[in-house]
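Notes for the one structure printed next.
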Amino acid sequence: MWKTSLVAAVFGTTLMAQGTMAQTQPRSAPPVVKWELQVMRDGQQIDSFDGNTTVGQARTDTHHHVVQNSVGCKDVPAGSIDLARTLTISPTQADVSGVTFLIDTQETLEEPSTRTTSTGCKLPPQPRQVSASHPGLKVPPGDWTSWTIVDKDPNLVYRLRASVANNP
């Protein structure tokens, strides 16, 4: 036991004498990013998400929009579809040049075309699942950045802006 204490004492003294003794300094907390995401369908905003998320953390939100379509030969309301949209967003880096995000999304879209039976009766639109990921969407400070999810039928674009929130 005496040897261990002596070694620790000598080692500690040596480190202090060399000026290399490690000092504990408080680590600064990762920045918090304030962000806003608009979902644009064929040029019109149809949904939005926003939040404050710490760099390195992820946030997942799901929005539901149930639509009911008129179907059949009598054009009766029926055939509802849950147009769910799930967004997972994570700021991975924030500096003076902007914020970089990792984004994953899953969308349920309603097909834009109307289908009919052979006798001319309306069928409900079919839901379509769309999944997309962006490994590093860079958003400059003060600007909107667009990311196209679906090119056409419909055109679906996410617009994102972000800033580093003031820490208390």
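Remarks
- Residues located in the stretch 57-108, provided they are of a type in the set (Asp, Glu) and assigned to a loop (DSSP other than H, G, I, E, B): Asp75
- Selected residue (criterion: surrounded by the fewest Cβ atoms within 10 Å (Cβ to Cβ)) from residues of the stretch 110-143 that are acidic (Asp, Glu) and part of a loop (DSSP other than H, G, I, E, B): Asp143
- Any hit, the stretch 148-155, residues being over 26 Å from Ser90 (Cα atoms), of a type outside the set (Val, Ile, Thr) and part of a strand (DSSP E or B): no
- Tabulated pairs, the stretch 121-141, first closer than 13 Å to Tyr158 by Cα, second aromatic (Phe, Trp, Tyr) and surrounded by 14 or more Cβ atoms within 10 Å (Cβ to Cβ), C-beta under 6 angstrom, 6+ apart or interchain: His134/Trp147; Leu137/Phe101; Leu137/Trp147
- Of all residues in the stretch 23-56 being in a loop (DSSP other than H, G, I, E, B) and among the hydroxyl-bearing types (Ser, Thr, Tyr), the one that is nearest to Gln93 (Cα to Cα): Ser28
- Search result, residues across the stretch 85-109 that are buried (at least 16 other Cβ atoms within 10 Å of the Cβ) and either within 18 Å of His64 (Cα to Cα) or free of Cβ contacts under 8 Å to residues at least 40 places away in the same chain (or both): Arg85, Leu87, Ile89, Ser90, Gln93, Thr100, Asp104, Thr105, Glu107, Thr108, Leu109
- Unmet requirement for Val67, which otherwise passes all of (1) surrounded by 15 or more Cβ atoms within 10 Å (Cβ to Cβ); (2) under 26 Å from Arg159 (Cβ atoms); (3) among the hydrophobic types (A, V, I, L, M, F, W, C): (1)
Bear in mind these aren't lab numbers, they're just calculated from the coordinates by the rules spelled out. Bear in mind the structure is a predicted one, so any value in this text is a computation, not a measurement. Note that each Cβ is placed from the backbone with ideal geometry, even for glycine, and that neighbours are counted across all protein chains shown.
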